[in-house]
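The values are calculated or read from the model by the stated rules, or taken from the named source; none is laboratory data. Since the structure is predicted, the reported quantities are computational estimates derived from the model, not experimental observations. Virtual Cβ from ideal backbone geometry, glycine too; neighbours counted across all protein chains shown. The protein model used for the area step is the full one, side chains on, heavy atoms only, and it has no ligands, DNA or RNA in it. Shrake-Rupley method; radii C 1.70, N 1.55, O 1.52, S 1.80 Å.
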Amino acid sequence: MNGCESSHKAPLGTVETRSLSTVTSLAAATERLLTAVSNLKSEPSPFSSGIVRLQVSIDQQIGALDWLHAQNDALPRCFFSQRSDSGRPELLQDFLASENVNGSSDANPVSVAGLGSAVFFRDHDPFSHDHWSSIRRFLSSNSPLIRAYGGLRFDPNGKVGVEWEQFGSFYFTVPQVEFIEFEGNSMLAATVAWEDELSWTLQNAIESLEETILQVSSVIVRLKRESLGVSVVSKNHVPSEVAYYPSVNTALEIIKAEDSPLSKVVLARSSRIITDTNIDPIAWLARLQCEGQDAYQFCLQPPGAPAFIGNTPERLFYRKHLDVWSEALAATRPRGDSEVSDFEIERDLLTSPKDDLEFSIVRENIREKLSAICDRVIVKPPKTVRKLARVQHLYSKLAGQLRREDDEFDILTALHPTPAVCGCPVDEARLLIKQIESFDRGMYAGPVGFFGGGESEFSVGIRSALVEKGLGALVYAGTGIVSGSDPSSEWNELELKISQFTKTLEQEPALQPIN
């Protein structure tokens, strides 16, 4: 059922969550859900529209990626793992009065994996307020774990490449079956959604859910994080290195022109990687997760589509009630091979005028955009270095208090795209990107995350790849071009950014960050 096709804007008849008693195994949870679904069929809801979530806690912690890998890969899939940072609420602690600013509750998922679609939202027109309202109808603060997972294209008005056609201009899904990993335990959930107006009745929804649940495997084997067992046959970059240098020089000429408002543009590259056997996107994501303790991992795979996976360090925003957090992340250096060399690289990054310019453009633009929707905005610290397994970046946190709670659409449209993935000013940068880049970014550099009734969170879909059966993968990366940029250095930065994908594919052990 595509929720965007409904003409109704009124609330659904019911949005509810029913919690079942805790069990000790995944197999027992599956049986309990099948019984609950059967009861739902025999005692149907009286409403002509609604969404009901049935959930059962499991008294053991099982990895959500391990669960997803064991399931039928012919079904639509999604996965979202929240970043492990715990410090985001403390930015507001001394400045803003709000509920629970000292941290998320114990019930906050570590990661969520989903199969099938109880309801999905997809359109080829750009994501609008009406689209967002269609999603919002299925969410409630009283059912905080009913969430719509998905993402938006970087440029909704750009020409769509054939590889991205099944994603539409945006794609969100409330999974039929979800596996939720918590610290110390797990949960299996099943969701039915119906709307008689769309000729999708409760009976239709229940039958479809039962069919999906019967395909769910309870035999879970922990994924090996060491090797994918594939070999890279070829790599082809678009643009090639020969074509990339003139593109950077063209951008620099425009930036340096006296009458040009453009101060930064982000030029990206798509790299086609062909392997000797098919790449398993979930196994690849598990490899990336070894290096991504301080990053979001995600997977989106609509019906009949490639899998869009990512291991992105960058938050677009996190909203809980009236509080909203974002961040500025820009400029890149490799990690050192020792603590001494790592510190020297960090010092060079902090003192580089070119990198300070690139970072300041991003930070101030996000501050300005948040100020348009928040009563006040704080930035703390003004600039520091954030270290990841293979790279380090300039970084700053931003936080504010929204004027009203119920409109993530305002947050999305205000913040996306940031200068970190597009440039500044945005309209001029996006136009130049469209003129220079010869491939479709699709959802690369777009918002990827979830809408929920109580909170919402979106990452920026960088450090990402599109995995296609029989066609290898398209790996994406981009660099910010500002006055002082050098084409050779920018190309090397592209190579550095895709290294976590290529090297985890090519048998190299996962790196652990130097503290």
note = In the set Leu431, Leu466, Leu494, the lone residue that is open to solvent by 10 Å² or more (accessible area, probe 1.4 Å) and either free of Cβ contacts under 8 Å to residues at least 40 places away in the same chain or not acidic (Asp, Glu) (or both) is Leu431
query = Which members of region 156-180 meet the condition of being surrounded by fewer than 22 Cβ atoms within 10 Å (Cβ to Cβ), at pLDDT 95 or above and of a type in the set (D, E, K, R)?
reply = Glu163, Glu165
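Yes/no matrix, rows are residues, columns are (1) within 29 Å of the chain's Cα centre (by Cα); (2) modelled with pLDDT of 90 or more; (3) not hydroxyl-bearing (Ser, Thr, Tyr):
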site: Glu211; (1), (2), (3): yes, yes, yes
site: Leu214; (1), (2), (3): yes, yes, yes
site: Ser234; (1), (2), (3): yes, yes, no
site: Asn249; (1), (2), (3): no, yes, yes
query = Within region 336-378, which residues are closer than 14 Å to Phe317 by Cα and without any contact (Cβ under 8 Å) to a residue 24 or more places away in the chain?
reply = Val377
query = Under the condition of being open to solvent by less than 10 Å² (accessible area, probe 1.4 Å) and of a type outside the set (A, V, I, L, M, F, W, C), which residue from region 321-335 is farthest from the chain's Cα centre (by Cα)?
reply = Asp323
Counted residues, region 16-37 - those being touching a residue at least 60 places away in the same chain (Cβ under 8 Å), assigned to a helix (DSSP H, G or I), farther than 21 Å from Gln60 by Cα and of a type outside the set (A, V, I, L, M) = 0
key: Matching option when the condition is more than 30 Å from Phe343 (Cβ to Cβ), open to solvent by 20 Å² or more (accessible area, probe 1.4 Å), in contact (Cβ under 8 Å) with a residue 40 or more places away in the chain and of a type in the set (Ser, Thr, Tyr), among Ser438, Ser456, Ser483   = Ser438
task = From the list Ser134, Ser140, pick out the single residue that is over 16 Å from the mean Cα position of the chain (by Cα), crowded, with 19+ Cβ neighbours inside 10 Å and either of a type in the set (Phe, Trp, Tyr) or in a helix (DSSP H, G or I) (or both).
result = Ser134
inquiry  = Among the residues that make up region 402-413, is at least one of them open to solvent by 30 Å² or more (accessible area, probe 1.4 Å), of a type in the set (Val, Ile, Thr), modelled with pLDDT of 95 or more and outside any loop (DSSP other than H, G, I, E, B)?
reply    = no
message = Can you tell me how many residues within region 38-59 are closer than 24 Å to Glu207 by Cβ, buried (at least 19 other Cβ atoms within 10 Å of the Cβ) and not charged (D, E, K, R)?
response = 8
query = Which residues, counting only those in region 109-131, are assigned to a loop (DSSP other than H, G, I, E, B), buried (at least 19 other Cβ atoms within 10 Å of the Cβ) and under 17 Å from the mean Cα position of the chain (by Cα)?
reply = Pro109, Phe127
query = Do any strands (runs of 3 or more DSSP E) entirely within region 441-502 hold 2 or more residues that are farther than 19 Å from Glu408 by Cα, and if so, which?
reply = 464-468, 472-481
message = Out of the residues in region 271-304 meeting the condition of being under 30 Å from Leu431 (Cα atoms) and open to solvent by 10 Å² or more (accessible area, probe 1.4 Å), tell me which one is nearest to the chain's Cα centre (by Cα).
response = Gln301
request  = Filter region 60-79 down to residues that are out of contact with any strand residue (DSSP E or B) (no Cβ under 6 Å at 6 or more places or on another chain) and aliphatic (A, V, I, L, M) and give me whichever is most open to solvent (accessible area, probe 1.4 Å).
outcome  = Ala74
task = Select from region 408-428 the residues that are within 11 Å of Ile373 (Cβ to Cβ) and without any contact (Cβ under 8 Å) to a residue 40 or more places away in the chain and list them in ascending order.
result = Asp410, Thr413
ask   = Within region 353-364, is even one residue in a strand (DSSP E or B), modelled with pLDDT under 95 and crowded, with 17+ Cβ neighbours inside 10 Å?
value = no
query = Does region 375-382 contain any residue that is out of contact with any Leu (no Cβ under 6 Å at 6 or more places or on another chain) and open to solvent by less than 20 Å² (accessible area, probe 1.4 Å)?
reply = no
